[in-house]
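The values are calculated or read from the model by the stated rules, or taken from the named source; none is laboratory data. Values in this document were obtained by computation on a predicted structure and should not be read as measured data. For neighbour counting, all protein chains shown are included, and Cβ atoms are generated from backbone atoms with ideal geometry for every residue, glycine included.
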Amino acid sequence: MKNKKFKYFFILIFILLSLVFVPSSYSLSSREDLFTNALNLSSNGEFNLALQEWNRYLELYPNDSAALSNRGNVKLVVGDPEGSINDQDKAIKLNPNEVDPYINRGIAEESLKLWLKAKKDYLFVISKDSKNFSALYNYANVEGSLSNWQTARDLFAKASEANPGFAMARSSKALADYQLGNMDEAEKELKKLTRRYPTFVDARAALTALFWSRGISGEAESNWIAVSELDPRYSDEEWLLNVRRWPQKPTKDLMKFISLK
């Protein structure tokens, strides 16, 4: 078949798959149409419908590793991380040299706080491709979750070097510097990000905490106005720590700032 797409949370990665058996009652174009329809539903955020379409497709073509990995991603989004891991396991068994299902499985493992298993998956990908920015970034998040912030900082730096346009990796590196006490370096990076991406909420929220911790209340206030208008989740401490996974120090500083408002 032609190239198919693995769907991540924020990016599509193209892969080449081998030809597989197509039942005589279905033409090649109808198979591609089924796959494309399921993928489009996934991309458009219609996850329940997408899951139904992936199920339908895999009933016909159960050995399609790309479809299994895509269905696994959708299962994770709808709240079935164990089912997601099971699908990624099957995809890996069918195509053990394809790195994308390892990343997808690692993300599902992270959702269950299976840090060491996720780390193993990301390290496998990095052993195959040392500049895979997705694996580097996710591995950095694992190290941060384990409070290994210096290691996390270095991995975030590698992820941003591998993909200079990966703003979240740069913001995460700055937050790790913040946690480690490298405040001047953190401030410099965050200012660069907000100049280049004025509506990038993560960097503005981090600057709010950093400026407040330095007693620069006016700058903190102006950045927070933008944050509160763009993404109210940054006022939720639990979300910051457990979903976005900010380090503890900038999180506490931001919460102190908010409590005084």
Which condition breaks for PHE10 when tested against (1) modelled with pLDDT under 95; (2) part of a loop (DSSP other than H, G, I, E, B); (3) over 16 Å from ASP100 (Cβ atoms)? (3)
List the helices (runs of 4 or more DSSP H) inside the range 50-119, counting only whole elements, that have at least 3 residues being touching a Pro at 6+ places or on another chain (Cβ under 9 Å) and closer than 28 Å to SER147 by Cβ. 100-111
If you go through the range 199-216, how many residues are over 28 Å from the mean Cα position of the chain (by Cα) and part of a loop (DSSP other than H, G, I, E, B)? 3
Taking the range 223-261 and keeping only residues that are part of a loop (DSSP other than H, G, I, E, B), hydrophobic (A, V, I, L, M, F, W, C) and free of Cβ contacts under 8 Å to residues at least 40 places away in the same chain, one is left with LEU260
